[in-house]
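One structure is given below, encoded as structure tokens.
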Amino acid sequence: MTNLSQLMSVTCGGDARVETRAHQVMLTITALFAALLLSSLWGLAAGSTSATLALSNAYKVPMVILLSALTALPAGLVALRLLASPLPAHQLVSSFATSIFGGTLVLATLAPLVAIYYHTSSKAGLPLALGSVFVALATASLLFGRAVARRVGGQPKRLASLFAVGLLVVLFLTALLQFVAMASPIIGSVTPFDGGFDSVFSR
Amino acid sequence: MNPTLWLVATSIGTVVLVALGVIYRRAAAQRELEIAEEVIEDDYRALDQRRVNSNK
């Protein structure tokens, strides 16, 4: 419980006391596990048209997020080292995990709305479900940028750290697109994202 | 798309989750030790302070 309140403070940009490396590792892993749990809630809501889809979404959505993060992370860490950024690797990983937590928190808060509209509106259901994902992605990216900018503020070569953040976000989105296609169907209706890169950029 | 690829990817994801669980438990044990050390150090410091005060 203490960990979760500290996690919220860190995510909101507050000054939580993270004293040692062990403490930071605990917070990072708590952020990731909490994020996966929250995304699972959104998965249940988005797939609530059928019990099978909802249950499969409960593990598919967290897995898509985890795998996208795992795919993007090595490139971000390599970029950080090659650009001789002042930001330590563990702080980049920690900021990345807390920003994923922030994004999935948005997803989970919008999940009831997604579920209600999906069952009651044929026009707004799908746009709302997709819109909630875009809002969550934007929130997570902003939180990530803010967390890293705060940690490297006033240091030389801070642009290198922000470049690593940008690269990590772009690679995360690129991987997400393909993992969503691999895990489809996640939403009950057909979307351009079901076919991955090829169907999104088909023209 | 490709169910085999999805199966492989989720297996990797599951292994990573298990590994993270193990790392978390180790970090939690390490943190417990650190907290215990801090408490012991504080106790010693308080004891020393009491001795200094009684010698005065």
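All of (1) within 13 Å of another protein chain (Cβ to nearest Cβ); (2) surrounded by fewer than 22 Cβ atoms within 10 Å (Cβ to Cβ); (3) within 23 Å of A:THR191 (Cβ to Cβ) hold for A:HIS90 with one exception: (3). The number of residues in the stretch A:117-141 that are more than 18 Å from A:ALA54 (Cβ to Cβ) and either touching a helix residue (DSSP H, G or I) at 6+ places or on another chain (Cβ under 8 Å) or among the hydroxyl-bearing types (Ser, Thr, Tyr) (or both) comes to 9. If I go through the stretch A:34-72 residue by residue, how many of them are of a type in the set (Gly, Ala, Ser) and touching a Ser or Thr at 6+ places or on another chain (Cβ under 6 Å)? Residues flagged as of a type in the set (Gly, Ala, Ser) and touching a Ser or Thr at 6+ places or on another chain (Cβ under 6 Å) within the stretch A:34-72 amount to 4.
Tell me, which residue of the stretch A:36-74 that is more than 12 Å from the chain's Cα centre (by Cα) and facing another protein chain (nearest Cβ under 9 Å) is nearest to A:VAL133 (Cα to Cα)? Ranking the candidates gives A:LYS60 first.
So if I check each of A:SER85, A:SER99, which one is under 22 Å from A:LEU137 (Cβ atoms) and either buried (at least 17 other Cβ atoms within 10 Å of the Cβ) or aliphatic (A, V, I, L, M) (or both)? Steps first, answer last, please.
Values: A:SER85 fails: under 22 Å from A:LEU137 (Cβ atoms).
Matching residue, one of A:SER85, A:SER99: A:SER99.
Evaluated against (1) modelled with pLDDT of 90 or more; (2) surrounded by 20 or more Cβ atoms within 10 Å (Cβ to Cβ); (3) not small (Gly, Ala, Ser), A:PHE33 falls short on exactly one condition, (2).
Within the stretch A:11-19, does at least one residue satisfy the condition of being surrounded by 14 or more Cβ atoms within 10 Å (Cβ to Cβ), within 14 Å of chain B (Cβ to nearest Cβ) and modelled with pLDDT of 85 or more? The answer is no, given that none of the residues of the stretch A:11-19 is surrounded by 14 or more Cβ atoms within 10 Å (Cβ to Cβ), within 14 Å of chain B (Cβ to nearest Cβ) and modelled with pLDDT of 85 or more.
For the stretch B:1-55, filtered to residues that are within 11 Å of chain A (Cβ to nearest Cβ), over 30 Å from A:GLU19 (Cα atoms) and among the small types (Gly, Ala, Ser), the residue that is surrounded by the fewest Cβ atoms within 10 Å (Cβ to Cβ) is B:SER11.
Summed over the stretch A:147-169, residues that are within 17 Å of A:ALA97 (Cβ to Cβ), among the charged types (D, E, K, R) and crowded, with 17+ Cβ neighbours inside 10 Å total 1.
The values are calculated or read from the model by the stated rules, or taken from the named source; none is laboratory data. All figures in this text were calculated on a predicted structure; none of them were measured in a lab. Because the Cβ atoms are built from the backbone with ideal geometry, glycine has one as well, and the counts that use them run over all protein chains shown.
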